1. Suppose R0 equals 56 Å; then what is the FRET efficiency for residue 854 and residue 674 from their Cβ-Cβ distance, rounded to the nearest 0.05?
2. Largest first and in whole Å, what are the equivalent-ellipsoid semi-axes of region 101-209 based on the Cα gyration tensor, each being the root of 5 times an eigenvalue?
3. What Rg and what Dmax come out for region 527-629 when only alpha-carbon atoms are used, in angstroms?
4. Going from most exposed to least, what order do 30, 704 have by accessible area with a 1.4 Å probe?
5. Extension gain residue 364-residue 295, at 0.36 nm per residue separation less the Cα-Cα distance, in nm?
6. What does the helix-only formula give at 222 nm for the chain: each DSSP H stretch with n ≥ 4 adding -39500 (n - 2.57), the total divided by the residues, and the result rounded to the nearest 500 deg cm²/dmol?
7. Hey, can you grab everything whose amide H is under 5 Å from the amide H of residue 569? Only 5+ residues off in sequence or another chain; H modelled, so Pro and N-termini drop out.
8. Let me know the number of lysine pairs in region 1-132 closer than 22 Å at the Cα, not counting same-chain pairs under 8 apart.
Amino acid sequence: MKSAQIRKEFLNFFKKHQHSIVESSSLIPEDDPTLLFANAGMNQFKDFFTGKRNAPYQSAVSIQKCVRAGGKHNDLENVGFTPRHHTFFEMLGNFSFGSYFKKEAIEFAWKFLTETLKIPASRLLVTVHHSDQEAALIWEKHIGVSKEKIFFLGDKDNFWEMGEIGPCGPCSEIFYDHGEQYQDQRKYDPIILDERRYVEIWNLVFMQYEKRADGTRVNLPTPCVDTGSGLERLSAAMQGQYWNYDTDLFKPIIAKIEKISKKKYQNHQTSMRVIADHTRAMTMLMTDGVIPSNEGRGYVLRRIIRRAVRHLNELKVGQTSLHLILPAVMETLQDQYTENQKNLELAVKLTQEEEQKFRETLHKGLQILDEEIAANQGKTFSGEIAFKLYDTYGFPLDLTQTLLAEKNIQLNQDEFDKAMERQKEQSRSQKQFQVKEKDFEKLYPIREQYGATDFQGYTITTLKAKLIAIEPLANEVALIFDKTPFYAESGGQVGDSGNVEGEQVHIHNTIKVIDDLFIHLTRDAKGLKAGKDYQISIDTQRRERIKKNHSATHLLQAALIQTLGAHIKQAGSLVGPDRLRFDFTHNKALTHNEIEKIEKIVNRAIQDNLKVNSMETTKEQALKMGATALFGEKYGETVRVISMDQFSQELCGGTHVDQTSQIHLFKILTEGSLASGVRRIEAITSEMALRHYQEQFQLISSLEATLAAKSNQLHEKIEQMQSELKRKNKEVEKLKDKIQSQSSQELFSEFKELRNNQKIFTVLDKVPAKEFRTLSDKFIDKHGNDVIFICQKIDDRFSFLIRTHKKNNNNFKEFLSRLPADFDCKGGGKPDMVQGSANAQKFKDFQKKLIEFFN
């Protein structure tokens with residue numbers, strides 16, 4: 001049975017059993033900063049299990065996109081070397097939020113496997129937690145699994161916890177027997193621990209306890225079920241394959257790799273498996289909104305891409321080719337994930353650009369590695385250098401290890417591991433993916449008791465509302481009203497500010513962190529009482545400016561697509577009262593002509609006085625209408641569409657003008673790079689744009705007076721002045737070189753004799769640090785056999801440069817590494833030249849140790 005059919009059968013089976021079909025969430029977790037990527041089917045249902053939110057259905061079924069690469073759940077290094085590890089995989093799951101428990105969950109799983117998929121029961125074995133006699137009896141008495149095929153395991157294998165505290169419970173896992181031919185030669189007790197032969201294909205988690213801070217467990221009032229079955233493993237079982245890579249999920253990709261590399265899969269299995277897996281992960285991550293970068297999710301994506309390129313190199317593919325494989329990935333995924341398919345063109349462009357950059361980096365990394373190996377003289381290779389190659393140049397550790405092994409050089413793995421741990425500590429200290437909403441946890445009961453805030457701010461700016469709660473936060477106070485005209489920060493638009501009328505209470509921001517509960521933030525709520533009605537009003541002038549900027553971002557995106565192409569996707573935005581910021585996917589800087597054209601298109605749309613309409617419809621209908629969705633965003637079933645005639649249609653919950661003419665004027669201030677493949681435009685509208693033009697006019701008038709030239713002559717006049725300045729600067733440099741050349745013999749007069757007929761020349765406090773390099777060049781030209789030590793004392797530090805000719809085989813990096821810690825030496829370089837600074841009080845000792853280094 002093909003994988004697409006397994007998906008279809010799974011959803012249909014549970015739909016027949018009254019489960020609501022829920023679409024996969026994005027790989028970028030929604031409202032969960034604790035996760036790098038979605039890595040399990042239950043991620044999007046987490047708040048239902050914890051009780052923070054009430055589920056809109058009693059039971060659900062989904063096929064979830066998952067990535068495990070980076071963070072706690074990281075399978076990256078195992079990929080390609082084992083039959084079943086993947087970075088990207090699909091998790092089939094069914095979930096109960098109180099509607100059924102163990103008996104039904106076990107029965108559903110067994111019936112689907114043995115009756116729908118017709119897997120022979122003789123091939124299946126099960127495990128239960130050693131304390132869960134209830135589940136064991138269901139398997140034996142109700143399902144009919146023999147005792148010999150039921151195995152009791154401990155917490156490590158068969159108990160699941162959501163975190164340090166919260167829902168938890170025993171698991172029951174179903175295993176598929178691949179047959180005796182795959183049995184491990186080692187003996188296992190019990191035999192189910194033989195992972196080569198027995199493969200887990202379904203995990204049933206029975207959440208029946210709540211773990212408390214003291215470690216004790218109490219029964220949950222409403223037990224729940226969370227299950228997960230990996231499609232790749234299930235497909236292997238159904239298609240009679242041992243390696244997941246030999247299923248129809250991977251075959252089109254591997255065939256494409258064979259074509260590009262002109263090599264056969266059976267001769268290069270590991271590299272082709274790595275490439276096939278990684279192209280699936282990078283395709284789905286980029287089409288879900290992750291952009292390659294140097295931090296967070298983008299950094300993990302970049303590592304995946306680079307690892308794939310490294311394995312293309314193993315196949316002797318020297319040209320940029322990785323992007324050609326991505327369409328083959330979508331052959332088996334496009335029907336299930338239609339939104340990802342729409343963004344494929346962008347992923348192809350980003351991959352091509354990343355590969356081109358990395359191939360240049362790879363060349364640089366190989367150069368550094370060769371230099372370090374040469375300077376190393378056959379000793380153990382520095383783990384710090386290996387980490388620098390890995391972290392700075394994206395040079396895969398396994399490639400460094402392979403190249404070192406070829407030269408019989410060992411890597412200092414302990415040093416590398418310490419450097420890696422140091423970086424992880426820094427990342428942890430930045431708390432990039434730690435929970436930031438702890439202060440708001442106390443507001444969940446309010447949401448449960450009173451429901452969502454009734455937002456009426458699309459049509460009115462002031463109303464009388466009941467204050468239902470006042471909650472102090474860290475440095476602010478949260479006001480919760482039953483209804484509000486205040487827009488809460490979301491979709492890139494900042495939150496409204498305003499006042500509680502007659503109470504001298506200023507609301508400086510409005511946010512949403514819990515569903516549709518609007519939180520009005522103030523610094524002083526004195527005099528306010530929960531339960532009373534208050535007139536609350538937004539700052540209308542500020543709101544009007546925000547509306548103009550938000551509508552302008554829609555016009556800007558449409559203009560960008562018209563000018564640059566359909567690959568343009570919104571990658572972020574910030575809409576405030578004074579300016580707008582718009583991030584979009586594009587792989588090169590915009591030209592002056594392109595920026596000018598985009599401005600003209602937007603301003604023409606403003607002059608055309610297009611009517612701005614809003615409507616609510618289903619997501620499916622909105623996309624059929626041609627509405628643009630935010631790149632990587634997850635939407636509910638009902639969405640709001642903002643249309644500006646036929647010029648622009650977008651899914652958007654923000655506030656907008658009624659007619660585009662109300663924007664008055666649009667001006668782009670800056671355009672630049674935000675990250676690889678992502679550009680950023682900052683722009684202004686209306687009064688701010690008019691003020692900008694007035695300031696530009698005043699500046700031009702001032703320049704006309706100063707340079708005695710009319711505006712159309714200013715450019716030519718300034719070019720003439722720049723040309724004259726360059727000419728004079730060259731003359732100055734020539735004079736400086738002449739003076740320095742004449743005095744260099746005096747500078748190089750102080751020296752000491754070293755071994756091997758070398759001399760060391762010391763130049764102390766005679767030239768500034770910025771000229772060290774130039775002076776050392778002159779020294780090398782005249783004293784090729786000798787060493788120069790240039791230094792300058794400034795306050796409590798001294799800057800230095802030590803250099804000789806490469807042919808002399810002196811290793812000054814080794815000298816720096818030997819210096820005691822109290823020298824506080826900061827610097828580096830190459831064996832023949834190092835530069836840095838150190839503690840000025842240690843200058844004489846530094847000089848002494850430098851002489852000793854040679855003798």
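1. Step by step, r from the Cβ atoms, then E = 0.65.
2. Each semi-axis is the square root of five times an eigenvalue, giving 22, 18, 12 Å.
3. Rg then Dmax for region 527-629, in Å: 18.1, 59.
4. Values: 30 110, 704 55 Å².
Per-residue accessible area, sorted high to low, gives 30, 704.
5. Details: separation 69, 0.36 × 69 = 24.84 nm, distance 2.13 nm.
Working it through step by step, the gained length comes to 22.7 nm.
6. Only helices count here, giving -11500 deg cm²/dmol.
7. 585
8. Pairs that pass both the separation and distance tests number 25.
The values are calculated or read from the model by the stated rules, or taken from the named source; none is laboratory data. Being a predicted model, the structure only gives us computed values, none of them experimental. Please note: Cβ atoms are built from the backbone with ideal geometry, for glycine as well, and neighbour counts cover all protein chains shown. Please note that ligands, DNA and RNA were not included when accessible areas were found on the heavy atoms of the full protein model with its side chains. Shrake-Rupley method; radii C 1.70, N 1.55, O 1.52, S 1.80 Å.
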